[in-house]
Amino acid sequence: MNANNKKLIKTVLQCDSLEAPQFSGLLKLCSVREIKKGESIVTENCAERLLILLAGICQHTESGSQVQLTGPVLCNPLILPDNSAWLGDFMAITDATVVFVDRNRLLSWCEGSPVTVEIGAVLLQLEKQRQEFADQRVCTKLVRREKDLLGERDVPQSALFGVQTLRAQENFEITGIKLMHFPKLVNALAMVKKAAAKANNKLGLLDDIKTRAIGQACDEIIDGQWHEHFVVDVIQGGAGTSTNMNANEVIANRGLEILGHSRGDYQHLHPNNHVNLSQSTNDAYPTAIRLGILLSHEEYVTALSELCYELKQKAVEFSGVIKMGRTQLQDAVPITLGQEFDAWYFTIKEDIEEAKDVVEYFREINLGATAIGTGINTDPEYSSLAIEELCRISGKEMVRARNLIEATSDMGAFVTFSSVLKRNAVKLSKICNDLRLLSSGPRAGFQEINLPPMQPGSSIMPGKVNPVIPEMVNQVAFQIIGNDITVTMAAEAGQLQLNVMEPVIAFNVLQSLRLQIRAVKTLASKCIKGITANEEHCLNTVNNSIGIITALNPYIGYENATRIAKQAIQQNSSVRDLVLAEGLLSLADLDDILSVENMTAPRRVRKSAVNNNAV
């Protein structure tokens, strides 16, 4: 026990009149604990121990009621009734200091002398304060009763969602991945609900008070609050109704709190009648999915652009590093390492343009279509007003679909976008295959480049470092390819005026997009940026390769070149040495032909230099 705690006990229990041995005896009965804000205070054996809050604020919860205690105060009764069991929990509202004292030994100690009896009087005063706090207890219901089509259910009072979300939680314990794991989708749902409320308000269908409450609740969600209440599994039956109702109920209950009402008091603000006014799941939900993709798309393009930048940097850095190109994993003709990276740069740059083009499909939305695209239960002006508001709220340009019935049932935009993600994933996986090959070794492989070491690679082989970042990108690609197949099958499975498989389509597209963004960012920053080249080794492989014979074809003829290549393999000789030995070319001509510039780019061949026997 430190000096500050001793001083605190002395002050709270008013021990100034105690002799040093008496105070020392009291301290031996005490055990002090420092409690951080938000921590629970362990209260086992409280029938045997007295708990005193020396400083700070704590909250006691028992049997549906809460008592807030401010120190110094007793936390449990000074004298417990016979056979009573102490129940309840304490939690620190602020940083707090508490002391546990053996109840029986303390009472015996207090009876030891007239001076120590005075400490008993102090304890009685602290007990009186405890009782005063207890009289101000706030009774809290742990659940509220809500009803729907199927009957009544108890919903946790702490939940902003309601009975329909509760049923969806119970029905769809499938992936363990909840709506809250896709914050852009949650934000998009809130944006759609706010836009609908404002449009209904302009049409005189929703009063100003309810509109402001819905709008404020939506703004809080857009700012990142209350996402933990979006608890429905991403894969669900009902074509997204559970997701839509999750949003409606959270917004309604938060709106009720803003209006000064209790959660579940839906006569003042109703999830269906007010938050879902002029909407169906079949237009609000797909609109939110499309908007969620639009909100994430810029991050995807930025990630690809950052990867392109790193690839281009390496293309420039390695522009003078000559190495062997390969086809079918066999030596082909020379190439620079910079050209190899530049090719990767251009293939990813193509995907940026493709991604920018395909996202335009998601700007066409069916908000106002309601159930099947006919716009039942909406004002003729609602659709255009709601979309106008949604554009303003989201900052994204969107337009009303030309045919709302087609837009309500067709999943073509998701199929196309998923295909683009797959195309990009396949390209990235191929690049990562190349990186793994080129960095293989470090002594018995290609060893042309060095990937930045990220972590030890083996629990048994000392010194081993694996290409973990490219391996991760490969695996992300496999997942995205599988997701694309799911999207394709689900899009095909739609029937008549609605595709009920939209939840699995949304989940797979959003998951692929998120995985791709993270994988691309990681590849750029933790791999490409730190790659170095083994320039001397690359040059040696070129000089020792048979592949450079291709560059000599126009000068010594195909038959001579074939013969020299075969001889070089059989004798383990260099092509250069054999050509010089046979006098087929001079040293100056050979150096010119086999220079980096002339072997890695087109060149004009002098007609007089072409061997007449060349085939």
Review point. Which order, highest average first, do 238-251, 123-136, 289-302 follow once you tally other Cβ atoms within 10 Å for each residue and take the mean per peptide?
Key: 238-251, 289-302, 123-136
Point to revise | the chain, accessible area per residue, ligands and nucleic acids excluded (1.4 Å, Å²) | key: 48 Å²
Check your understanding: Under 21 Å Cα-Cα from Lys323, which lysines qualify once same-chain neighbours fewer than 8 residues away are excluded?
Key -> Lys312, Lys314, Lys430, Lys529
Review point. In straight Cα distance, which aspartates and glutamates are under 17 Å from Lys36, not counting same-chain residues fewer than 8 positions off?
Key: Asp89, Asp95
Point to revise | In order through segment 219-227: 3J(HN,Hα) via Karplus (6.51 cos²θ - 1.76 cosθ + 1.60), integer Hz, x for Gly, Pro | key: 4, 5, 5, 4, 7, x, 7, 6, 5
Check your understanding: Direction-averaged shadow area of the convex hull around the Cα atoms of segment 206-256, nm²?
Key -> 3.9 nm²
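At 0.36 nm per residue, and after removing the present C-alpha to C-alpha distance, how many nm does the segment from Glu152 to Ile79 gain when stretched out fully?
Between Glu152 and Ile79, full extension yields an extra 22.0 nm.
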Review point. In µm²/s, what is D for segment 151-277 at 10 °C and 1.306 mPa s, where D = kT/(6 pi eta Rh) by Stokes-Einstein and Rh is the Kirkwood radius from Cα pairs?
Key: 110 µm²/s
Check your understanding: Binned at 10 Å from 0, what are the whole-percent values of the Cα-Cα distance distribution for the chain, short to long?
Key -> 3, 13, 15, 13, 13, 14, 12, 8, 5, 3, 1, 0, 0
Exercise for review: Report ³J(HN,Hα) in whole Hz for each residue of segment 581-592, in order, from the Karplus equation J = 6.51 cos²θ - 1.76 cosθ + 1.60 where θ = phi - 60°; Gly and Pro get x.
Suggested key: 4, 8, x, 6, 9, 7, 4, 5, 5, 5, 4, 5
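Calculate what fraction, in whole %, of the accessible area of the chain sits on carbon and sulfur atoms when a 1.4 Å probe is rolled over the protein chains.
Whole-percent figure for carbon plus sulfur exposure: 51.
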Practice item. Please tell me which of these pairs span more than 19 angstrom C-alpha to C-alpha: Lys198/Lys396; Lys349/Lys521; Lys147/Lys178; Lys396/Lys521? Key: Lys147/Lys178; Lys396/Lys521
Point to revise | Partners for Lys202 among aspartates and glutamates (Cα-Cα distance below 18 Å; same-chain residues under 8 apart left out) | key: Asp379, Glu381, Glu388, Glu389
Exercise for review: Check each of the GluC sites (Glu not before Pro) in segment 140-233 and keep only those in coil by DSSP with at most 10 other C-beta atoms within 10 angstrom; list them in order.
Suggested key: Glu173
Revision key, fill the gap. Residues whose modelled amide H sits under 5 Å from the amide H of Ile449, counting only those 5 or more places away in sequence or on another chain, are Ser439, Asn534
Check your understanding: What is the gain in length, in nm to one decimal, between Glu173 and Leu259 on full extension, counting 0.36 nm per residue of separation less the C-alpha to C-alpha distance?
Key -> 27.6 nm
Point to revise | Gain in span if fully extended, Glu406 to Lys526, counting 0.36 nm per residue against the direct Cα distance | key: 38.8 nm
Practice item. Calculate one ³J(HN,Hα) per residue across segment 305-313 by plugging θ = phi - 60° into the Karplus curve 6.51 cos²θ - 1.76 cosθ + 1.60, and present them in order as whole Hz with x for glycine and proline. Key: 5, 5, 5, 4, 4, 5, 5, 5, 4
Check your understanding: Whose amide H sits under 5 Å from the amide H of Asp331, counting only residues 5 or more places off or on another chain, with H placed in the peptide plane?
Key -> none
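The values are calculated or read from the model by the stated rules, or taken from the named source; none is laboratory data. Nothing here was measured: the structure is a model prediction, and the numbers come from that model. Glycine gets a Cβ as well: all are built from the backbone with ideal geometry, and neighbour counts include every protein chain shown. All accessible areas refer to the heavy atoms of the entire protein, side chains included, with ligands and DNA or RNA removed. Shrake-Rupley method; radii C 1.70, N 1.55, O 1.52, S 1.80 Å.
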